[in-house]
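Taking it in order: structure first as structure tokens, then the write-up.
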Amino acid sequence: MGDTNNSGVHNTQFFNSLKSAFESDQLIKLTLSKPLPNIKWKNIFVRPITLKEEKVLSFIYRSQTQDFTKNLTFDEALNEIQNQLGSDFKIGSLFTTDQDLILKFSKKGKTQLQKLSATLKKQEDQETHNRQKTTRVTKHSYLYHLGIVDKNDRVIDKKQSKYKQINRFLEIVEHQLQGLPNQDQIQVVDMGSGKGYLTFALYDYLTNKLNLNAKVTGVDVRKDMVQLCNEIATKVEFDGLNFEEGDIQSFKFEGQIDILIALHACDTATDDALFEAVNSNAHLIICAPCCHKELRKQQSGKGSNNPILKYGIFQERQYEMVTDTFRALTLEKHGYSSNLFEFISNEHTRKNIMLTASKSSKDVNSKLIQEKIDDLKKEFGIDTQHLERRLNQ
Ligand SMILES: C[S@@+](CC[C@H](N)C(=O)[O-])C[C@H]1O[C@@H](n2cnc3c(N)ncnc32)[C@H](O)[C@@H]1O
């Protein structure tokens, strides 16, 4: 816990640590938080970057609605941080490879300095570490708050599968990100975010591992989940992560979605999420469909010469495949290059198929794709499919 020396000593320790971490390449980031109520910015994020072979500090000033970015030399940055911390912002959090230092100012100007063991790793250290251990989940307190790890950072037995799923998900994201154009900010929407395991992990991965300026929004119809996730996001200071209560079917995102994820959103909620992605011209879509009821119901009572459809369990599996093929083809018709593959082995979850799609610059032969869709419809007694219907409305 923090000691209670006078503020001069705390300031000196904090800024000396910042300087030595910057000079020895041990600085990961610095965050200014808890602004006075009249301050425009909610946070200032400071990270070291290299510009034209010079080491500088990149500042992101974040308000509710916008980000403003500027790069400063170390001396300019120090001046700026010293001006802001203690006056406009009441908390400074310094993350280095050695330790975390949290400097807090009370209303009366008293300070408290907390020294904690390092929670973040530098990107290149993490990459080496990842190659060795093939884990992409960073050690971060959100895992504890979500009940994945215990207070000693050990993965709780019952959560081993979830932990593996999160890692595998991040591995897929890492691969997919190669197709994302360079941009100042990445906007991610997670439809049907539930308890937020993957939403938190993705935010942590994009911001703390890849050092990207990411804003991530989780959407779920369950108020209790949304509330819980927002509380945890505040607790762990994930300032660009927030959760909103809403139904995927009617949810309208203000602004451009770059990456849309929808993992295990029930039945046609997956189609509603895909519709929103196509509508928003999202660059990347990562989705793990769940309970495919719609098309199977349409076939019911029509009879079929296909012997596979005679057996309930095969019928179920067949319609899962047909539904996801339908979705993949529909996305291709709308200019995406899509893929379907096994997300994680059956031992972890039955819902293990992943559909990914990225915006493609290739010409689309819509007529040919429509013919394939029509053939599927004919063979499996389908009149229409939810995603197709929504896109045709
Ligand atoms: C099986 S959980 C998956 C949670 C999370 N995506 C994951 O994979 O860990 C499905 C979540 O989707 C939400 N959901 C289902 N249909 C929805 C809809 N139409 N609108 C918003 N949320 C929905 C549920 O409340 C639930 O939290």
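The values are calculated or read from the model by the stated rules, or taken from the named source; none is laboratory data. Nothing here was measured: the structure is a model prediction, and the numbers come from that model. All Cβ positions, glycine included, derive from the backbone under ideal geometry; neighbour counts span all protein chains shown. Keep in mind that these areas ignore ligands, DNA and RNA; they rest on the heavy atoms of the full protein, side chains included. Shrake-Rupley method; radii C 1.70, N 1.55, O 1.52, S 1.80 Å.
Brief remarks follow.
- Degrees separating the helix 7-23 axis from the principal Cα axis of the chain, which is the longest one: 60 degrees
- Virtual spin-label span in nm between Ser361 and Leu72, 7 Å along Cα→Cβ: 3.8 nm
- The chain: calculated mean residue ellipticity at 222 nm from DSSP helix runs of at least 4, using -39500 (n - 2.57): -11500 deg cm²/dmol
- The apolar share of the surface of the range 125-392, taken as the fraction of accessible area on carbon and sulfur atoms (1.4 Å probe, ligands and nucleic acids excluded), comes to 47 percent.
- Once the Cα-Cα distance is subtracted from the 0.36 nm per residue extended length, the Leu212 to Glu237 segment shows a gain of 7.4 nm.
- Of the cross-linked pairs Lys158/Lys310; Lys42/Lys107; Lys293/Lys333, those separated by over 28 Å at the C-alpha level are Lys158/Lys310.
- Among Lys367, Lys90, the order of accessible area from largest down is Lys367, Lys90, computed with a 1.4 Å probe on protein heavy atoms.
- Tail fraction, Cα-Cα pairs, the chain, threshold 26 Å, whole percent: 58 percent
- In order along the range 241-252, the Karplus-derived 3J(HN,Hα) couplings, from 6.51 cos²θ - 1.76 cosθ + 1.60 at θ = phi - 60°, round to 10, 8, 10, 10, 7, x, 9, 3, 4, 10, 5, 10 Hz, and Gly and Pro are given as x.
- Note that the range 256-264 has calculated 3J(HN,Hα) couplings of 7, 9, 8, 10, 10, 10, 8, 10, 6 Hz, one per residue in order, obtained from phi through the Karplus relation 6.51 cos²θ - 1.76 cosθ + 1.60 (θ = phi - 60°); glycine and proline are x.
- The long axis of helix 223-235 is offset from the longest Cα principal axis of the chain by roughly 30 degrees.
- A Förster radius of 22 Å combined with the Cβ-Cβ distance from Asn305 to Asp375 puts the calculated FRET efficiency at roughly 0.90.
- 19 Å reach of a label modelled at Asn339, 7 Å along Cα-to-Cβ, counting backbone N of the range 153-184: 165-182
- Principal-axis tilt of helix 366-380 within the chain, Cα atoms, nearest 10 degrees: 60 degrees
- Solvent-accessible area, 1.4 Å probe, carbon plus sulfur percent, for the range 7-118: 49 percent
- Using equal-weight Cα scatterers in the Debye expression, the normalised intensity of the range 7-118 in log10 at q = 0.17, 0.18, 0.21 Å⁻¹ is -0.79, -0.88, -1.19.
- Annotation: amide H of Glu244 within the under-5 Å range of Gly218, Val219, Asp220, sequence separation 5 or more or interchain, hydrogens built in the peptide plane.
- Rolling a 1.4 Å probe across the protein heavy atoms gives the range 7-118 an accessible surface of 51 Å² per residue.
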